[in-house]
Amino acid sequence: MISIDALGVEFSGKTLFSDVSFVINENDKIALMGKNGAGKSTLLKILAGINKPTTGSVSAPKDFIISYLPQHLLTEDNATVFEETSKAFASIFAMRDEIEALNTELTVRTDYDSDDYYKIIEKVSELSEKYYSIEEINYEAEVEKVLIGMGFLRSDFTRPTSEFSGGWRMRIELAKILLQKPDLILLDEPTNHMDIESIQWLEDFLVNSAKAVVVISHDRTFVNNITTRTIEVTMGRIYDYKVNYSRYLELRKERREQQQKQWEEQQRIIADNTEFIERFKGTYSKTLQVQSRVKMLEKMVLVEVDEVDNSSLRLKFPPAPRSGNYPVVVSELSKSYGDHTVFKNASLTIERGQKIAFVGRNGEGKSTLVKAIMKEIDFQGSLELGHNVQIGYFAQNQASLLDETLTVFETIDHAAEGDVRNKIKDILGAFMFGGDNSTKKVKVLSGGEKTRLAMIKLLLQPVNLLILDEPTNHLDMKTKDIIKDALKDFDGTLILVSHDRDFLDGLATKVVEFGNQRVKEHLEDINEFLVRKKMENLREIEKK
């Protein structure tokens, strides 16, 4: 369907990857995996036609539609949500308008035998055949269906896009892509700004309605649910597995173990032959054997062992100072912004040592309640913090609060206390700030790098109530696993606002659900909550 032939990319004389070839077939659902900097996003941009490779080519059939959603984008702010989303059909509307204009021109022209007149007829015929072959669509209904699925309310449809955050505008762009029904959808971290219900809707769409999909994502559950093929970019080449992410991890481990054995065997052969050459290079009777072995070593293709993350560093939070039995007690709490009620009469008791997930659609009050606990906003009702509660808070904008004049090392050195100061280089290495990266100024770091740095700072503070608001955005799976393990061992109280089900799995033992102006407690883990929630959603659909 779409053929990638001998692709190569170089930046400033450095090869990112070379001789990459594969085919994307109709209905393939592909996960593009690899460590940060391996070239995943670059490869996606080449497939989208945004970047050009240094060598090689990408070929696709005529009229093949490729849609691309980057990690970061800026939509224009000159339309409402509904108007902006309807631009998905702009090319179809433009085709209709052109047919009407050409037909009008034919009615007023009288040069029936001229070449120009025949060219117009041919153009109208060509466009009409294309236009009327398109399945009849109720455009407004399609736009409404996708926007509702993406988490928008009908009252949002007439609001200007300028009133929405970057994450919500990203959803508008994604809605436009889905409405275009492209032959190939390219997604770079699509779930970073989506709540659990919207992710489930997107999964269902990609599996059951989309054609071919290539996705880069650090959401392990999302990747496993939608993909059946995994392409790993590593050390300048690719490995193509016709399996989902979980099975790919097993096969990759087997592959690297095999490579390691081959490398060790080759090193033994090199050592034996080198020793023979050194031992007999001055011996006349062994001259031919020495020369033969020298030539053999020169021609030998060295076995490479693919990059393996050998970091075994296990991060630990400092021991949590003891707090009272109930760090947070909420009673009859309400919060409104003007006429808009976020939630009302919310009551919630958080016990010492509990690990709690705040879940629900965006805009239903998760971050609002966190801000109330942090005393950042006023509210109606009662919210009491227990004895000796010391809060560590990771906000969604935490990365932007770092001192940009400091280096990476200085940032952590200033925050570290006690024995942990001796492990700063190890900690930075575990979070991919090893070597020269530790001397970079914060101001030159990417958004993802700043997020990682802000997370390290939080790991070093002695607190007994940790509040993390979407901590895993922009973090790769390895870093998330390190943080998750540290949070499992944390002996204080934890509140997690997150849409990352894999991150919450095995971590949160209680779920607090936000929705319809209510806050509900569920004494179950995230998987039990989701199974039950999906059943509720199905019953609601049947009622409709």
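Quick notes
- Matching residues in the range 97-111 - criterion: being charged (D, E, K, R) and open to solvent by less than 80 Å² (accessible area, probe 1.4 Å): Asp97, Glu98, Glu105, Arg109, Asp111
- Some residue of the range 184-196 being in a helix (DSSP H, G or I) and farther than 25 Å from Ser91 by Cβ: yes
- Residues that are open to solvent by less than 10 Å² (accessible area, probe 1.4 Å), in contact with a helix residue (DSSP H, G or I) (Cβ under 8 Å, 6 or more places away or on another chain) and at pLDDT 90 or above are absent from the range 150-165 altogether.
- Within the range 208-224, residues that are part of a strand (DSSP E or B) reach partners that are open to solvent by 10 Å² or more (accessible area, probe 1.4 Å) and hydroxyl-bearing (Ser, Thr, Tyr) with beta carbons closer than 9 Å, at six or more positions or on different chains, in the pairs Ile216/Ser41.
- The single residue among Ser114, Ser133, Ser86 that is of a type in the set (Gly, Ala, Ser) and either at pLDDT 90 or above or loosely packed, with under 10 Cβ neighbours inside 10 Å (or both) turns out to be Ser133.
- Within the range 313-329, the set of residues being touching a helix residue (DSSP H, G or I) at 6+ places or on another chain (Cβ under 8 Å) and either modelled with pLDDT under 90 or surrounded by fewer than 20 Cβ atoms within 10 Å (Cβ to Cβ) (or both) comprises Leu313, Arg314, Leu315, Lys316, Phe317, Pro318.
- Selection within the range 425-459 - open to solvent by 10 Å² or more (accessible area, probe 1.4 Å), in a loop (DSSP other than H, G, I, E, B) and farther than 29 Å from Asp195 by Cα: Gly434, Lys440
- In the range 22-43, the residues that are surrounded by 13 or more Cβ atoms within 10 Å (Cβ to Cβ) and modelled with pLDDT of 90 or more: Phe22, Ile24, Asp28, Lys29, Ile30, Ala31, Leu32, Leu43
- Among the residues making up the range 224-269, those that are open to solvent by 70 Å² or more (accessible area, probe 1.4 Å) and touching a Lys or Arg at 6+ places or on another chain (Cβ under 8 Å) are Thr228, Lys242.
- The listed residues are Tyr68, Tyr117, and the only one of them that is closer than 29 Å to Gly13 by Cα and among the aromatic types (Phe, Trp, Tyr) turns out to be Tyr68.
- Condition broken by Ile4, with the remaining ones in (1) modelled with pLDDT of 90 or more; (2) surrounded by fewer than 19 Cβ atoms within 10 Å (Cβ to Cβ); (3) touching a Ser or Thr at 6+ places or on another chain (Cβ under 9 Å) satisfied: (2)
- First in the range 276-304 and within 30 Å of Gln260 (Cβ to Cβ) and of a type in the set (Asp, Glu), second anywhere and open to solvent by 50 Å² or more (accessible area, probe 1.4 Å) and in a helix (DSSP H, G or I), Cβ under 8 Å, 6 or more apart: Glu304/Trp263
- Residue check, Ile495 closer than 21 Å to Leu369 by Cβ and at pLDDT 80 or above: yes
- Within the range 271-293, the set of residues being of a type in the set (A, V, I, L, M, F, W, C) and surrounded by 14 or more Cβ atoms within 10 Å (Cβ to Cβ) comprises Phe276, Ile277, Phe280, Val290.
- With respect to (1) among the polar types (S, T, N, Q); (2) more than 25 Å from Asn527 (Cβ to Cβ); (3) assigned to a strand (DSSP E or B), the lone exception for Thr230 is condition (2).
- Scanning the range 181-199 finds no residues that are without any contact (Cβ under 8 Å) to a residue 60 or more places away in the chain and crowded, with 19+ Cβ neighbours inside 10 Å.
- Residues located in the range 397-416, provided they are in a loop (DSSP other than H, G, I, E, B) and either of a type in the set (Phe, Trp, Tyr) or surrounded by fewer than 18 Cβ atoms within 10 Å (Cβ to Cβ) (or both): Asn397, Asp403, Glu404, Thr405, Leu406
Yes or no, residue by residue, for (1) in a strand (DSSP E or B); (2) under 16 Å from Val214 (Cα atoms); (3) touching a residue at least 12 places away in the same chain (Cβ under 8 Å):
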| site | (1), (2), (3) |
| --- | --- |
| Ala6 | yes, no, yes |
| Val9 | yes, no, yes |
| Lys35 | no, no, yes |
| Thr42 | no, yes, yes |
| Ile46 | no, yes, yes |
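- Listed conditions (1) hydroxyl-bearing (Ser, Thr, Tyr); (2) free of Cβ contacts under 8 Å to residues at least 60 places away in the same chain; (3) in a helix (DSSP H, G or I); (4) under 30 Å from Met235 (Cα atoms) are all met by Ser21, apart from (3).
- Residues located in the range 373-396, provided they are open to solvent by 20 Å² or more (accessible area, probe 1.4 Å) and within 15 Å of Leu458 (Cα to Cα): Gln390, Ile391, Tyr393, Gln396
The values are calculated or read from the model by the stated rules, or taken from the named source; none is laboratory data. All figures in this text were calculated on a predicted structure; none of them were measured in a lab. Backbone-built Cβ (ideal geometry, glycine too); neighbour counts: all protein chains shown. SASA here: full protein model, heavy atoms, side chains in, ligands and nucleic acids out. Shrake-Rupley method; radii C 1.70, N 1.55, O 1.52, S 1.80 Å.
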